[in-house]
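The values are calculated or read from the model by the stated rules, or taken from the named source; none is laboratory data. What you see is a predicted model; the values in this text were computed from it and never measured. Here the Cβ positions follow ideal geometry from the backbone for every residue, glycine too, while neighbour counts run over all protein chains shown.
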Amino acid sequence: MSKPPAYITTKDLSYLQDALSWELLAMKKCRHFANECRNNQIKQHINQAGQIHQKHYKILLKHINPANSNYHHNRGFNNG
């Protein structure tokens, strides 16, 4: 995979911010529905989906600010 450019245009930043918002919303929805679920198998699958969204969120965050990408590191899907 090629490296992203060293700079981010305003338009690119807007796209990344939208994608971050979508991933964050997906994480929150997964957390909510996993907590509502009574079937442990389904709950586990929902939690896994939430972890995937968390991973995507962290990847996008690194593109916006590589120096501070650990800022949200401890706000994981299972950490509240």
Answer with yes or no whether Lys43 is at pLDDT 90 or above and out of contact with any Gly (no Cβ under 6 Å at 6 or more places or on another chain). yes
Spot the failing condition for Ala34; the list is (1) in contact with a Lys or Arg (Cβ under 7 Å, 6 or more places away or on another chain); (2) under 30 Å from Asn65 (Cα atoms), and only one is missed. (2)
Members of region 6-57 that are of a type in the set (Asp, Glu) and either under 18 Å from the mean Cα position of the chain (by Cα) or surrounded by 15 or more Cβ atoms within 10 Å (Cβ to Cβ) (or both): Asp12, Asp18, Glu23
